[in-house]
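Only one structure is covered here, and it is reproduced in the block below.
The values are calculated or read from the model by the stated rules, or taken from the named source; none is laboratory data. Not measured: the values here are computed from a predicted model. Here the Cβ is made from the backbone with ideal geometry for all residues, glycine too, and neighbour counts use every protein chain on show. These accessible areas exclude ligands, DNA and RNA; they are computed on the full protein's heavy atoms, side chains included. Shrake-Rupley method; radii C 1.70, N 1.55, O 1.52, S 1.80 Å.
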Amino acid sequence: MAPQDLANLAHLRRARDLIDREYACPLDVPAMARHALMSPAHFSRQFRAGYGETPYNYLMTRRIERAMALLRAGMSVADACMAVGCTSLGSFSSRFTELLGEPPSAYRIGEHHAVTAMPACVAKVRTRPTRDASSRIREAARDSAA
């Protein structure tokens, strides 16, 4: 790997860490690109090549992931939406449903005994939302049958 490629990866990692840390703050691609010391267009291309999704999709996935934990703890959907930095309840609900295959209100009232029984580090990995909701549903069905 060339030295420039390593430098780009380090800059992308800084931006990804910013997203992970500041997910509840207003973030846009130009702000993330400034943190990575890149132009917005170059940053978006490099981020997608490095992480397999756009910076905005990564941000929204992190927000949904954090909202899932808040909903499991009993927080209302509107409060969870605002707590993770989303300003539109409709957009939040649409993205949540797209990623998980069920609306946040249904997720909130669902049973989550398995998640509370596992260590937090395992629960974080097992409940991480993915773009392919159908594979998540198949995986949950397989786990419940075992």
Take the range 16-28 and flag every residue that is in contact with a Lys or Arg (Cβ under 9 Å, 6 or more places away or on another chain) and of a type outside the set (V, I, T). D20, Y23, A24
Determine whether the range 61-72 contains at least one residue that is in contact with a Phe, Trp or Tyr (Cβ under 9 Å, 6 or more places away or on another chain), farther than 23 Å from H11 by Cβ, open to solvent by less than 10 Å² (accessible area, probe 1.4 Å) and of a type in the set (G, A, S). yes
One residue is enough: does the range 16-34 have a residue meeting the conditions out of contact with any strand residue (DSSP E or B) (no Cβ under 8 Å at 6 or more places or on another chain), part of a helix (DSSP H, G or I) and closer than 14 Å to P129 by Cβ? no
What single numbered condition from (1) among the aliphatic types (A, V, I, L, M); (2) open to solvent by less than 50 Å² (accessible area, probe 1.4 Å); (3) within 27 Å of H11 (Cβ to Cβ); (4) modelled with pLDDT of 95 or more fails to hold for A36? (4)
S88, sole failed condition from (1) modelled with pLDDT of 90 or more; (2) closer than 18 Å to Y23 by Cα; (3) surrounded by 12 or more Cβ atoms within 10 Å (Cβ to Cβ): (3)
Quick check on this structure: which one of E102, E98 is under 13 Å from the mean Cα position of the chain (by Cα), at pLDDT 90 or above, among the acidic types (D, E) and open to solvent by 50 Å² or more (accessible area, probe 1.4 Å)? E98
In the range 46-60, residues that are open to solvent by 20 Å² or more (accessible area, probe 1.4 Å) and assigned to a helix (DSSP H, G or I) total 8
